[in-house]
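Participant: To start, I am sharing the structure in question, which I have written as structure tokens.
Nothing in this text is a laboratory measurement; each read-out follows from the coordinates by a stated rule. The structure presented is a predicted model; accordingly, all values stated were derived computationally and were not measured. We place every Cβ from the backbone using ideal geometry, glycine too, and count neighbours over all the protein chains shown.
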Amino acid sequence: MHYRQLGRTPWKVSDISFGAWAIGGAWGQVSDEESMAALHAAIDCGVNFIDTADVYGDGRSERLIARLKKERREEIVVATKAGRRLPRQTVEGYSRQNLNAWIEDSLRNLAVDSIDLLQLHCPPTALYDDAEVFEMLDDFVKAGKIRYYGVSVEKVDEALKAVEYPNVQTVQIIFNCFRQRPADVFFDRAREKKVGILARVPLASGLLTGKFRADSTFAKDDHRNFNRHGEAFDVGETFSGVDYQTGLRAVDEIRKLVPAGMNMTQLALRWILMFEAVTCAIPGGKRPAQILENCRTSDQAPLSAAAMEQIEQIYKQQIAPQVGSRW
Ligand SMILES: NC(=O)c1ccc[n+]([C@@H]2O[C@H](COP(=O)([O-])OP(=O)(O)OC[C@H]3O[C@@H](n4cnc5c(N)ncnc54)[C@H](OP(=O)(O)O)[C@@H]3O)[C@@H](O)[C@H]2O)c1
């Protein structure tokens, strides 16, 4: 496992880290025992950073991570998120009172006195013009409730605004072979500001593993079934907002570029690590075997310049027309 500096925080985190949404909910059934086995497998591989949120299974994901921390001696940095408990996303909803209540909930679920990294969970775009929310977060840092804070964004424009706030340490953004735009318009700015980048949805919700077919089906309570058209939340969070059939066709093209000793999943993750501005990818996973496969990527050889060029071309021709400047 290799480690990268997380912005201006004191932490060096595993470049393949752990996304803990699926072990909370919204991805079909998953047992806590299997989730715990997946978390332990990650720590065994050298993962030292986990991304979660208060709403993943209504605290279930956070509580499993608290259990993990009790069972392990290694230092594990945990980033959680707040804001999605609001029934409707409004800037006013991000009040001191609400933030305090969400933070207290996460402190309880994570069984800690202070949250390592708190991220605003895809707040409305207008929030980035409201310095007051960031001043409140500064106050929570001063009070010792949170150590650092960052944001999770939907759009590149939000990321560009967020890094102008001096104490924003991290930006979490969708970045993968199907979402290349952040590299063009955001990464240089993030590096200038020494802001860490967490690449989320690195496998395009599993599409980039190459395991799906046109007739693959998903459980009723899996967002790859119920949110394909953005019925429950931003459609960009499901298959990165790429139409399923278009995604399958592009994967078939990318698959031809997989080098010897790697598989499609690892190519997708390795592609992300080719960008130095990225601190880590946070692939989700529910089973130990998935975690082992994902973590192995950290030690694999860089992709060739030719492969990078071809993946860019496939993106430009087949994917960008759909997702391009939308996010
Ligand atoms: N708004 C936000 O802030 C936000 C939104 C989305 C995600 N996130 C964060 O980003 C993390 C990652 O994104 P994500 O979980 O949505 O998507 P992802 O990492 O692109 O895909 C994860 C899914 O792919 C499948 N998978 C993973 N490794 C695999 C392997 N080696 N082989 C085969 N299948 C594999 C698993 O599902 P199956 O086995 O069921 O196929 C897994 O749940 C989340 O866990 C969460 O922490 C944040």
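Participant: Which part of segment 235-263 falls in the paramagnetic zone of THR125, meaning amide N under 17 Å from the point 7 Å along Cα-to-beta-carbon?
Facilitator: 235-237
Participant: Sticking with this structure for a sec: Determine, for each peptide in 312-318, 222-228, 3-9, 199-205, the mean count of other beta carbons within 10 angstrom over its residues, then list the peptides with the highest first. Before the final figure, lay out each step's value.
Facilitator: Values: 312-318: 15.6, 222-228: 17.3, 3-9: 18.9, 199-205: 26.3.
Ranked from most to least packed, the peptides come out as 199-205, 3-9, 222-228, 312-318.
Participant: For the cross-link pairs LYS12/LYS193; LYS69/LYS194; LYS155/LYS211, which exceed 23 Å when the distance is taken from alpha carbon to alpha carbon?
Facilitator: Details: LYS12/LYS193 17 Å; LYS69/LYS194 28 Å; LYS155/LYS211 28 Å.
Correct reply: LYS69/LYS194; LYS155/LYS211.
Participant: LYS12 to PHE275: FRET efficiency via 1/(1 + (r/R0)^6), r the Cβ-Cβ distance, R0 22 Å, to the nearest 0.05?
Facilitator: Working: r = 17 Å, r/R0 = 0.79.
My answer for the efficiency is 0.80.
Participant: If each residue of separation counts as 0.36 nm, what is the full-extension length gain between ASP157 and ARG96 once their alpha-carbon separation is subtracted? Present the calculation step by step, with values, prior to reporting the outcome.
Facilitator: Working: separation 61, 0.36 × 61 = 21.96 nm, distance 2.50 nm.
Using 0.36 nm per residue and subtracting the Cα-Cα distance, I get 19.5 nm.
Participant: Compute the angle between helix 32-44 and the longest alpha-carbon principal axis of the chain, please, reported from 0 to 90 degrees and rounded to the nearest 10.
Facilitator: On a 0 to 90 degree scale, this one is about 80.
Participant: Take each of the peptides 125-135, 277-287, 76-86, average the number of other beta-carbon atoms within 10 Å over its residues, and list them starting from the highest. Write down the numbers at each step before the final one.
Facilitator: Values: 125-135: 15.4, 277-287: 24.3, 76-86: 22.0.
Highest mean packing first, the order is 277-287, 76-86, 125-135.
Participant: Related question: Helix-only estimate, please: 222 nm mean residue ellipticity of the chain, summing -39500 (n - 2.57) across DSSP H runs of length 4 or more and dividing by its residues, to the nearest 500.
Facilitator: On the way: 13 runs with 119 residues, N = 327.
Mean residue ellipticity, 222 nm, calculated: -10500 deg cm²/dmol.
Participant: Whole angstrom only: what separates the Cα centroid of segment 149-192 from the Cα centroid of segment 10-55?
Facilitator: 22 Å
Participant: Using 0.36 nm times the number of residues separating THR246 and GLU71, minus their current alpha carbon distance, what extension gain do you get?
Facilitator: Working: separation 175, 0.36 × 175 = 63.00 nm, distance 4.30 nm.
Between THR246 and GLU71, full extension yields 58.7 nm more.
Participant: Please work out the Cα convex hull volume for the chain and give it in Å³ per residue. Spell out each step's value before the answer.
Facilitator: On the way: hull volume 39.2 nm³, N = 327.
Cα-based convex hull of the chain, divided per residue, equals 120 Å³.
Participant: How many angstrom lie between the C-alpha centres of segment 250-264 and segment 283-327?
Facilitator: Result: 10 Å between the Cα centres.
Participant: Modelled label-to-label distance, HIS2 and ALA111, 7 Å Cα→beta-carbon offset: nm?
Facilitator: Placing both labels 7 Å beyond Cα along the Cβ direction yields 3.5 nm.
Participant: I would also like to ask the following. When ranked by the protection proxy of mean other Cβ atoms within 10 Å per residue, highest first, what sequence do the peptides 238-244, 214-220 form? Don't jump to the answer; show the numbers that get you there.
Facilitator: Details: 238-244: 22.3, 214-220: 9.9.
Descending mean neighbour count gives 238-244, 214-220.
Participant: Then there's this: Going by a 4.7 Å Cβ-Cβ cut-off, which cysteines of the chain have no partner at all?
Facilitator: CYS122, CYS177, CYS280, each lacking another Cys Cβ under 4.7 Å.
Participant: Could you tell me how many degrees, from 0 to 90 and to the nearest 10, lie between the Cα long axis of helix 131-142 and the main elongation axis, the longest principal axis, of the Cα atoms of the chain?
Facilitator: For 131-142 against the chain, the angle is about 70 degrees.
Participant: Roughly speaking, what is the stretch gain from ASP221 to ASN167, that is 0.36 nm per residue apart minus the C-alpha to C-alpha distance, in nm to one decimal?
Facilitator: Numbers: separation 54, 0.36 × 54 = 19.44 nm, distance 3.72 nm.
Stretched fully, the ASP221-ASN167 segment lengthens by 15.7 nm.
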